[in-house]
1. I'd like the per residue volume of the convex hull spanned by the Cα atoms of the range A:6-158, given in cubic angstrom.
2. Test of understanding: in a Gaussian network model of chain A with alpha carbons linked when under 10 Å, which of A:Ile102, A:Ile181, A:Ile162 would top the mean-square fluctuation ranking?
3. Work out the mean other chain Cβ neighbour count within 10 Å for the residues of B:122-134 and drop it here as an integer.
4. Could you work out, residue by residue across B:14-24, how many beta carbons of other chains sit within 10 Å of that residue's beta carbon, and then give the average as an integer?
5. Only bridges with both residues in chain B count here: give the DSSP antiparallel percent, nearest 5.
6. Could you list, in their original order, any pairs among A:Lys144/A:Lys183; A:Lys53/A:Lys124; B:Lys62/B:Lys107; B:Lys107/B:Lys179 whose Cα atoms are separated by more than 27 Å?
7. Return the distance in nm (one decimal) between the two label points of a simple spin-label model at B:Ser8 and A:Leu231, each offset 7 Å from Cα along Cα→Cβ.
8. If you fit an axis through the alpha-carbon atoms of helix B:117-130 and take the longest principal axis of the Cα set of chain B, what angle between them do you get, 0 to 90°, nearest 10?
Amino acid sequence: MLIRIASLFGLAALWVFAAWLTDDAQVLPMPQSLLAPFWHEATTGTLPYHLGKTLMRVLWAFGLAMSLGLCLGLVMGLYRRVDLWLDPWLVVFLNLPALVLIVLCYLWIGLNEMAAIVAVTLNKVPNVTTVIREGARALDPQLKAMAQIFGMSPTRRLRHIILPQMAPFIAAAARSGLAVIWKIVLVVEFLGRSDGVGFQIHLYFQLFDVGMVLVYSLSFILVMLIIEWTLLQPWEARVNRWRTA
Amino acid sequence: MIQVDVASKSYGETRVLQDIHFSVSAGETLAVLGPSGIGKSTLLRLISGIDDQFEGEIIRPKRIAMVFQEPTLMLWRSALDNIRLIHPHLSRAEAHDALEMVALVDKADLFPGQLSLGQQRRLALARGFAGQPELLIMDEPFVSLDAETADQMIALTEALIAQSRPATIFVTHAAAEAKRLATRTLSLAGSPATLAPPMSPKSVSSKGDTL
C-alpha cells in the first residue's frame, strides 16, 4: 500500500515538474490549482451527477461484455467446431475500430442510451472472449474426466471445476475490461450523449479549459481506483486464497 | 458386476487394443498388469466411460469411482468439500466419516495444496470410497510414493475394499502390488495389446466369496 501511494506521489511530482516547465496554466495547470474547481463541481452536484451517469454506463457495458464474453469464450474454448466457425468473426470484431462501431450503433439504433451501451459492449466482447477462450483451452482434462466418472452435475462442474480454474483469466479480462470500457464510454458520450464525463470533457474541450478536463478525467480515475481496490482486488484475493494457503 | 467386451480400439490408424473380454463381480479385485505404454490406461478410459470410441461393449454399473495416478483434487476447495461436492447426497457427518477412514479428519478444512502427496492420495482414496461405488477403478494408485507410504496406502485400500466390496479393477506395473490386493490378475501383452494367458490366480476364497 505504501509503495502504491509513493508511486502515485511520484506521478504527481512529474506533473508538477511538467507544469513548472510549461509555465502556462492554460496548457497544464498545477495539481493544487485544480482543487478549488473540483470542490466547486463536487459541491454543486454537477460532478457527482456526471460521474454517476458514466459509472452506470460503465457498469452496464462491463456486466454485459463480461457475461457474453464468458459464455462465448467458454463455448469456443471447449468446442472445437464452434471455435472454427466463430473464430473469423472474432478476428473481424477484434479489428473493427471502436469509433466505427460507435458511429454505426448511433446511426442504426439512434442517439440513445441503448445504442451507447450496445456500442461499448460490442467493442469489449471480443477481447473478453479471446482471453476466456485461452483459459478454457487450458482446463485440466484429468479433472474433467474425474467429474464425468463421478457423475457431477453440469452446474456443479461449471461452478466447482471450470470456473475456479478460469479465475485468473476472468480477473485478467475484468481488469483490462474495466479500463478499456470506461475509455470507450467516454468516446460514446463525447459523440452522442448529453451527460456523463465524456460530455463534460467535450464541453470543456470547446472552451479550451484544460483544468476542467483534468478535473473530470481524474475524478473518474479515482472512482476506478476505488473499484479496483475495494472490489476487484479483494475478490481476486478471495478466489486465489488456495494458492497461497 | 462389470462385463468388458472390447473387440478393438484404435487411435487413428493404430490399433492399440484387441479382443479383451473379461468380467468382474462385486467383491472381486482384478489387477491388470503390463509394461508401461501397452495400453492399460486406454483400457481404463474405456471401462470408466470417458472414452466411448471403440468397437465392442462394456456393461458397467451406475456408481463408479476412480482413483487416478495423480490425486486429481479440486485444489481450490477444502479437503471436506472435495468429498462433499463430488457426493452431494452425503451429509456433513458422513463426509467426515470418509475422512476419518483415511485419518484426515483433522485436515478437513485445509486446501489440498496444504497436504503432503501421501495425504492427497489418501484424500483421493476417501473420495473414491465415499460414494459406496459398485465399480472402483484405480490407475497406478501407488506410483511415485515412497515404500513406506505406498505400503500404508495399500493396506488402507485393502481395508476399504474389504469393507465396501465393490468390483475393483486396478492397473499396475508392479507385480507385488497386484499379488497383495488382487483376487485375480490379467496381463496385457502384444501389439495391439490383448489378454495374455492368465498368471497363477491367487486363491479366490481368501478374498471373496461371490465367485
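1. 223 Å³
2. Result for chain A, Cα springs under 10 Å: A:Ile162 fluctuates most.
3. 1
4. Other-chain Cβ atoms within 10 Å of each residue's Cβ, averaged: 0.
5. Of the beta bridges lying entirely in chain B, close to 45 percent run antiparallel.
6. A:Lys144/A:Lys183; B:Lys62/B:Lys107; B:Lys107/B:Lys179
7. A separation of 5.9 nm, rounded to one decimal place.
8. 80 degrees
None of the figures in this text is laboratory data; all of them are computed from the coordinates on show. The structure displayed is predicted, hence computed values, not measured ones. Reconstructed Cβ throughout: ideal geometry from the backbone, glycine too, with neighbour counts over all protein chains shown.
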